[in-house]
Amino acid sequence: MTNPGLEGVEVADTRISDVDGERGELIIAGADVERLAASAPFEEAVARVVEAGGGDRAALTRAAIGQARAAAWELVPRLGDALDHPDGMDALRTALGHLRSTGDDTGDALAAIGAAPVIVAAWSRRRAHQAPIAPDPALGHAADYLRMTTGNAAGSAAMGALDAYLVTVIDHAMSASTFTARVIASTASDLISALVGAVGALKGPLHGGAPGPVLDMLDAIGAPDRAEAWLLGELAAGRRIMGMGHRVYRVRDPRAAVLEEAVRPLASPRLELARAVEGAAAKILLERKPDRPLAANVEFYTAVLLDAVGLPREQFSATFAVSRIAGWSAHVLEQHRTGRLIRPSSRYIGARP
Ligand code: COA
């Protein structure tokens, strides 16, 4: 028997993060996600995961990450058609490919972590026919990303919520995109190539492409009392409920609670609706699949939070990548240290001569 989804297969020893799907727990570089999101700015989380991956923590200071954003600004005029992609993930994938690998993993990681928000914000503004805005290396990563996107200084509530989001999604064990990055790194290829591949893996709606569709769903439902009928219609049409279910979690994704809490100070009109839709979806899915727990995943409240801080929904998946690029980088560092090629097998079921 083959195992095409590789469920339960452990392919790496890692110090970067750990997911307990039965208990709904996520540890990131030694800290519970709840505590990390409440106490550390994104830059601190970056330093922690890169250090856990075996990199030099001292190279990932707030000042260094700010300088990396400033350095990436030089890249923007050279990106040409990359910023014209209708999909932000395609734009990010193409633009990251412009970064030159130096062979120094920590230095390349720093360059890519700094470049991601600059690229995504410039792409978002191009879509809106607006000129890109240069980074301000003195600001925090979250605040600068918001400012480069919207053109306005970020309010403290929005900045805090976005910072908590970026910390919350920075790493998640052997997700499909992380595995992709590690497979590429395992061939002794460079960190930038691994990141480009990881962006491609994250783009799919079964992985990181769900938060935009979650917001579309909330808009389509419109009011709590319409949730049940709408959701039943989706299932009858053979579609999945976006933002529900997870490969590993058998309980509610702990990141859903962290983000639900982080969005509260923003008083989003969508929060109450989201809670009602989640409740209705959980009830219906329990009736449909009593043996397969399907609860809210990270994308459900990602949609509410990123909308509330003022990012357009087309930018949601790429915003996930702005954070996860740090986790991927840490995994590439860790994988490079093992030196082991990842090369599984397949079972031939075709014709034989
Ligand atoms: N809505 C409706 N049914 C769902 C569902 C959802 N969101 N998620 C899973 N199911 C159903 C599947 O159709 C399947 O039913 P079947 O056995 O009758 O075919 C059953 O539950 C088991 O699903 P399976 O495909 O084995 O789960 P998985 O581990 O491969 O899937 C996801 C995990 C995340 C891909 C899946 O839950 C999903 O597609 N969710 C919606 C997209 C999403 O939110 N993605 C972001 C993930 S962070």
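For the reader, a short list of remarks on this structure follows.
- Given (1) buried (at least 18 other Cβ atoms within 10 Å of the Cβ); (2) among the small types (Gly, Ala, Ser); (3) closer than 30 Å to Pro213 by Cβ, index of the condition Gly80 fails: (1)
- Exactly one residue out of Thr178, Thr168, Thr150 is surrounded by fewer than 21 Cβ atoms within 10 Å (Cβ to Cβ) and of a type in the set (S, T, N, Q): that is Thr150.
- Taken over region 300-311, the criterion of being in a helix (DSSP H, G or I), open to solvent by less than 10 Å² (accessible area, probe 1.4 Å) and hydrophobic (A, V, I, L, M, F, W, C) is satisfied by Phe300, Ala303, Val304, Leu305, Leu306.
- None of Arg69, Arg48 is open to solvent by 30 Å² or more (accessible area, probe 1.4 Å) and basic (Lys, Arg) except Arg48.
- Some residue of region 312-327 being in contact (Cβ under 8 Å) with a residue 24 or more places away in the chain, surrounded by 14 or more Cβ atoms within 10 Å (Cβ to Cβ) and assigned to a loop (DSSP other than H, G, I, E, B): yes
- Region 189-228: number of residues that are open to solvent by 20 Å² or more (accessible area, probe 1.4 Å) and over 13 Å from the mean Cα position of the chain (by Cα): 15
- Looking across Ala173, Ala157, one residue alone is in contact with a strand residue (DSSP E or B) (Cβ under 6 Å, 6 or more places away or on another chain) and either in a helix (DSSP H, G or I) or surrounded by fewer than 24 Cβ atoms within 10 Å (Cβ to Cβ) (or both). It is Ala173.
- Pairing residues of region 192-208 that are closer than 22 Å to Leu333 by Cα and within 15 Å of the ligand (Cβ to nearest atom) with residues that are outside any helix (DSSP H, G or I) and open to solvent by less than 40 Å² (accessible area, probe 1.4 Å), at Cβ distances under 7 Å and at least 6 apart in sequence or on separate chains, gives Leu202/Gly208.
- Unique residue being modelled with pLDDT of 95 or more, touching a strand residue (DSSP E or B) at 6+ places or on another chain (Cβ under 9 Å) and among the aliphatic types (A, V, I, L, M) when the list is Ala308, Ala295: Ala295
- All of Asp56, Asp20 fail the test of being over 19 Å from Gly160 (Cβ atoms), at pLDDT below 95 and open to solvent by 30 Å² or more (accessible area, probe 1.4 Å), apart from Asp56.
- Considering only residues in region 229-260 that are open to solvent by 40 Å² or more (accessible area, probe 1.4 Å), touching a residue at least 40 places away in the same chain (Cβ under 8 Å) and not in a loop (DSSP other than H, G, I, E, B), the one that is nearest to the ligand (Cβ to nearest atom) turns out to be Leu232.
- Restricting attention to region 262-299, the residues that are buried (at least 16 other Cβ atoms within 10 Å of the Cβ) and part of a helix (DSSP H, G or I) add up to 18.
- The selection criterion, being modelled with pLDDT of 95 or more and either of a type in the set (Val, Ile, Thr) or farther than 18 Å from Ala326 by Cα (or both), does not hold for Ala112.
The values are calculated or read from the model by the stated rules, or taken from the named source; none is laboratory data. A quick note: this is a predicted structure, and the numbers were derived from the prediction, not measured. When we count neighbours, we look across all protein chains shown, and the Cβ atoms used for this are built from the backbone with ideal geometry, even at glycine. For accessibility, only protein heavy atoms count, side chains too; no ligands or nucleic acids. Shrake-Rupley method; radii C 1.70, N 1.55, O 1.52, S 1.80 Å.
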